[in-house]
1. Let me confirm something: among Asn33, Asn14, Asn8, which residue is out of contact with any His (no Cβ under 8 Å at 6 or more places or on another chain), farther than 20 Å from Thr79 by Cβ and at pLDDT 85 or above?
2. Report the residue count in the stretch 91-109 for those that are assigned to a strand (DSSP E or B) and touching a Gly at 6+ places or on another chain (Cβ under 9 Å).
3. Determine which member of the set Val132, Val146 is within 19 Å of Glu39 (Cβ to Cβ), part of a helix (DSSP H, G or I) and not hydroxyl-bearing (Ser, Thr, Tyr).
4. For the stretch 95-146, give me each residue that is without any contact (Cβ under 8 Å) to a residue 60 or more places away in the chain and surrounded by 16 or more Cβ atoms within 10 Å (Cβ to Cβ).
5. When the stretch 30-71 is examined, which residues are found to be surrounded by fewer than 19 Cβ atoms within 10 Å (Cβ to Cβ), among the small types (Gly, Ala, Ser) and touching a residue at least 40 places away in the same chain (Cβ under 8 Å)?
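The values are calculated or read from the model by the stated rules, or taken from the named source; none is laboratory data. Here the structure is a predicted model, which means the values were calculated and not measured. Here the Cβ is made from the backbone with ideal geometry for all residues, glycine too, and neighbour counts use every protein chain on show.
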Amino acid sequence: MKRGKELNLNLNPNYKTSVGTVDNKNPKSVYINISTWGEPIFEVEDKRNYENKINNIRRSVKQEIFNNLNGDLFKTKSTIVDLDLRSSGISNDKRSFMCCEAIMYQKKSFPVNSNIMKSTLSDLCGDILTNVLESNNDFTFHIKKV
């Protein structure tokens, strides 16, 4: 029997965004998932500079989540954020896959499809897209690789 629940959000046409939980009957944690293809808009000779740019995005995503996480609903100290964009595969002439996943542990057990949880997680995803990814000056993001 399937217990998990995932909801797709259509917040921005350049990103695939979804929210969900592993167990919707007893939702101790919820997650957000943002995936896209990033294309660098800068030229770099040294691959270490790609790593610096990716670390800046990772740091900004984490900061955005921690600044906007509702402390009444979530345990802020238990939040896990992972941004995956491989610096080794980045080059100026192709797009690279990026995935961002954040897991938040709830103080109260609201199902992911409840109005309060859908609204809260949708707002959090929107904040990440607007304030971090769309305002980024180093990459442009696209829904497809080509």
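1. Asn8
2. First, the residues of the stretch 91-109 that are assigned to a strand (DSSP E or B): 91, 94, 96-106.
When the remaining residues are screened for being touching a Gly at 6+ places or on another chain (Cβ under 9 Å), the result is 96-98.
Matching residues across the stretch 91-109 total 3.
3. Details: Val146 fails: part of a helix (DSSP H, G or I).
Val132 is the lone residue from the list that is within 19 Å of Glu39 (Cβ to Cβ), part of a helix (DSSP H, G or I) and not hydroxyl-bearing (Ser, Thr, Tyr).
4. Taking the stretch 95-146 and keeping what is without any contact (Cβ under 8 Å) to a residue 60 or more places away in the chain, we get 95-96, 107-108, 114-116, 119-120, 123, 130, 135, 146.
The answer is Arg95, Ser96, Thr120.
5. Within the stretch 30-71, Ser35, Ser60 meet the criteria.
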